[in-house]
Structure formats: C-alpha cells, structure tokens
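The values are calculated or read from the model by the stated rules, or taken from the named source; none is laboratory data. Just so it is clear, the structure is predicted and the values come from calculations on it, not from any experiment. Here Cβ is always computed from backbone atoms with ideal geometry, including for glycine, and neighbour counts include all displayed protein chains.
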Amino acid sequence: MAAQVIVPAEGGLESCIITKWHKQAGDTVVLGDLLCEAETGKAAVDILSPADGCMLAVLYGEGEQVPTLTPVAYVGQPGEVVEQTAPVSEKSGSRARATPLSSPRAKRAARERGVGLAGLIGSGYGGSIVERDVLRTAPGRVAEEASAVAAPYILNADVCVEPLSQLQKRLDEYGVSGISIGDMVLMAAARALKTVSDGEVDLEFAFKTEGGLKTSVIKSADRLSLLTLSERAKAGQGNGQAEGVFTVYDLSGYSLAQVTPPIREGQIGALGMGRPEIGHDADGEHVQSMTLTLAIDPRAAGIERGATFLKQVCANIEQFELLLVR
C-alpha cells in the first residue's frame, strides 16, 4: 500500500510552503531520503521518505502553500495506483488560486507592518510572495519610515582566493578560458544567498569594461553552472533599473583594495569585491587574498543574517570546487 508523505505540524502552525523538491514522480527512493524542503515561518523543515519504493505522485509544486498534516506526495511500488487527496501542482494544470501564494514569513511581516498581500507582486518561485516583497511595501506611517534614509550595515571579510586562482589556471590549461575570479566569487555569493533567502536568487552583476561600468541581470543564479554563470555575467544586458534582490560588484578592474557597494533601490543588499592582493601564508608561500564588503539594508535583513551570509560566501570560496559537484 502506498505511503503518504505528510507535512509535519511544526510549532502549532497551520500551513507551510514547499520551497524545493529533491525527488520527482517516478524517482526511486529509500527510507529517509530527502524528498523536499518546506518553510514553516519559524524554520526550514526537511521532509523525508517514509518508505522504500518510488515516487508515485507529487501533489504540490514548489512555491505552493500546504496545510500541515496534509499529504504532499505518495511513495509506493512502481505501477501502484493511488487516490490523490490533495490538488496537483498548479504547474500541472490545477485551477488558479484567487489569493496569492505567500510564505509564512511574508504573512508574518505583512501582519506586523499592516501590509495587504492581495496587491503585491511576488518575486518567489512561481510568483509567490516572499518576505522581501512585503518589506519593500509599507502603507501610511510605515511607508514614511521606510522612505527615510537608513544607514546600511557594513561588514568586511578577508578571504583567501588562492583556490580560485589555482582553478582558473587549470581551466586555462584545459582550454576553458574567460572564467574570472570575479565569476567564481559571484557563484559563491549566489549559492550562499540561497541559504538565507526564501525566494528565487535573481542577481545583478556589476563589472568594469572599457566603456565603463556595466550590469548583467542573472535569473536563478544559484542554479547555474560556473560556465553558464560566467557567460550571463558578461552579457551586460542591464537596463539601468534595479532588478533581482541583490547586486555583486566586481570592481577589481579599478585596482581598488576595498569596495563598499551601494544598495540599489528595492534590493536587500550588495557585495563588493576588491582587487586580489598577494600575501604569504604560514609557510611563507605566496597566496592571493581579497577583501569582501557586504552592505545590507537594515529594513530587509538583520546584521546576524548578513554575517551568516558573508561567512558562507567565504566558506564557499575556500572550498570552491565542492560547489561544482553540487
């Protein structure tokens, strides 16, 4: 008999939102496999397979809101027929919802700020409303507060980029040219941003050219390979208007040791990278390091989340080759 995959009731909450599926219908699974991730508003929850078998049906898509203690999928034997007790994902053709999908964090932020969700445009998966969409919109007195100039949080970190330099040399030897250290830092930042964000990682990348500073808009940057990310980073198709949720500035071409980046209107923050500097490690060997500077809009994220993000960026850089196999 097919086993139901149930959304647990965390902390008494009545619903959660599916943020990512790791298995799809037809995939073979074993007991304890990670099937999907969900957000309850207080924490991220891993939903595991209750049995060995295969995924017979997936009932909700990424970005959809699900009542707790509700089946989101079925696991059973190949060919087994199940009676679906929940609507199939909207991407599979179910009827459109009258109210917008929104994450629990977005709902809480909306209640705290007196913001109505109905009029918001979601930037999360499938157009769902996530926390940052609420933080960008505030009526009445809250809007006046939000329009005031708030000093950003500024955090700095020195990171060894020698692993990136060595990888760049190996890629050149294999005929893979054009990938810069800045491209690799961008990838490290995109992957790190996903760990602290509840929506799509749509980024802007600003870089120096002979004609001046250009920007590229990169959708779903955390899902791209290094080669694809590098190509899109150099496309330079930005229209001058802020897009995405975050900007990475590679101004190393200006020979600046440290870059404190501006935060573009509507974005939660920005990361600036200075030029690589040659130094020495404990054994006296030459190594390259770089200063990263993170600016965060305090209305969108706290300093603790910013510190967590910057720490993860540095960890991703220092163990960069692990990102290439994830």
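Values computed for the structure shown
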read-out: Residues of the range 269-289 that turn out to be at pLDDT below 85 and in a loop (DSSP other than H, G, I, E, B), as a count; value: 5
read-out: Among (1) surrounded by 20 or more Cβ atoms within 10 Å (Cβ to Cβ); (2) under 23 Å from G178 (Cβ atoms); (3) at pLDDT below 90, the one test that E321 misses; value: (1)
read-out: Residues of the range 164-178 classified as over 12 Å from S230 (Cβ atoms), over 23 Å from the mean Cα position of the chain (by Cα) and either of a type in the set (K, R) or not in a loop (DSSP other than H, G, I, E, B) (or both), total; value: 7
read-out: A188 vs. criteria among the small types (G, A, S), part of a loop (DSSP other than H, G, I, E, B) and either modelled with pLDDT of 80 or more or closer than 22 Å to L323 by Cα (or both); value: no
read-out: The listed residue being surrounded by 14 or more Cβ atoms within 10 Å (Cβ to Cβ), hydrophobic (A, V, I, L, M, F, W, C), at pLDDT below 80 and assigned to a strand (DSSP E or B), out of V45, V5; value: V45
read-out: Positions within the range 274-308 being within 30 Å of E131 (Cα to Cα) and touching a helix residue (DSSP H, G or I) at 6+ places or on another chain (Cβ under 7 Å), in sequence order; value: L292, L294, I296, R299, A300, R305, T308
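Every residue, every condition in (1) surrounded by fewer than 22 Cβ atoms within 10 Å (Cβ to Cβ); (2) under 16 Å from the mean Cα position of the chain (by Cα); (3) outside any helix (DSSP H, G or I), yes or no:
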residue: T228; (1), (2), (3): yes, no, no
residue: E265; (1), (2), (3): yes, no, yes
residue: T291; (1), (2), (3): yes, no, yes
residue: E304; (1), (2), (3): yes, no, no
residue: Q312; (1), (2), (3): yes, yes, no
